[in-house]
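First up is the structure itself, then whatever we jot down about it.
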Amino acid sequence: MSMMDKLKEMLKGHEKQAGQGVDKAGDYVDSKTQGKYASQVDVAQEKIKDQLGRPEGEGGSPQP
């Protein structure tokens, strides 16, 4: 079992909170870099959210 599979299992049912954590971490990085890498941070946030699964009703398709 890969590390990502373990994370998905741990976060099952808490996708909304995980997404909020990813957003908060991205905001922190943006604040420390004064927005210099904002577009790259946004792309990374979306990819992480896609990997972890999105809550029902929020863009994208939830991961099984």
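Rule-based calculations on the coordinates, nothing more; no lab input. Worth saying up front: this structure is predicted, and the values here are computed from it rather than measured. We place every Cβ from the backbone using ideal geometry, glycine too, and count neighbours over all the protein chains shown.
Once region 2-17 is narrowed to residues that are among the hydrophobic types (A, V, I, L, M, F, W, C) and either in contact with a helix residue (DSSP H, G or I) (Cβ under 8 Å, 6 or more places away or on another chain) or outside any helix (DSSP H, G or I) (or both), the residue that is surrounded by the most Cβ atoms within 10 Å (Cβ to Cβ) is 11.
Residues in region 18-36 that are more than 10 Å from the chain's Cα centre (by Cα) and exposed (fewer than 15 other Cβ atoms within 10 Å of the Cβ): 27, 28, 31, 32, 33, 34, 35, 36.
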